[in-house]
1. Under a Cβ-Cβ cut-off of 11 Å, what is the net charge of the residues other than residue 68 that fall near it, where Lys and Arg count +1 and Asp and Glu count -1?
2. Using 18 Å as the cut-off for backbone N distance, which residues of segment 24-42 belong to the label zone defined by a point 7 Å from the Cα of residue 57 along Cα→Cβ?
3. Could you give the length gained by full extension between residue 29 and residue 14, i.e. 0.36 nm per residue of separation minus their alpha carbon distance, to one decimal place?
4. Once label points are set 7 Å from the Cα along Cα→Cβ at both residue 71 and residue 50, what is their separation, rounded to one decimal in nm?
5. To the nearest 20 Debye, how big is the dipole of segment 48-92 about its Cα centre, given +1 on the beta carbon of each Lys and Arg and -1 on that of each Asp and Glu?
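Read-outs throughout are calculated quantities, based only on the coordinates presented, and are distinct from any laboratory measurement. Please read these numbers as outputs of a predicted model, since none were measured by experiment. For neighbour counting, all protein chains shown are included, and Cβ atoms are generated from backbone atoms with ideal geometry for every residue, glycine included.
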Amino acid sequence: MANAPRKKPEPKNYKDNADRFNQLGTIRLANTLDQIRLVGQLADPKAYDYVPAQVDAMFAAIDKAVAEAKARFANPTQKAAKAGLDLAALRK
C-alpha cells in the first residue's frame, strides 16, 4: 500500500534512554505527520463527500489526542486513552 505508514523496525541497540527517545521519537513523529498529511488529502471535494460536522469531529479528535499527549509529558504517570470516532454517524 503506497500510503501506509512507515513500518521501520524499532532499533533495540540504544546507547541510553535519551538515544532511545530520539530514535523512537523521530520514527513516530514522521509516521504521525504522514498520517496527518493523509487526513488533509480527504479535503478534495472531487474525491470525497463529507459534511462539516465530520470535519469538525475529526479535528476535535486530533486536537484532543494532541492535548492528551502533551499532558502525558507534564504528568508522565498518566495513562493514554484509546479513542475512536465514527464519522459515518455524523452524516445525518
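1. +4
2. 39-40, 42
3. Using 0.36 nm per residue and subtracting the Cα-Cα distance, I get 3.6 nm.
4. Going from the residue 71 label point to the residue 50 one covers 2.5 nm.
5. 240 debye
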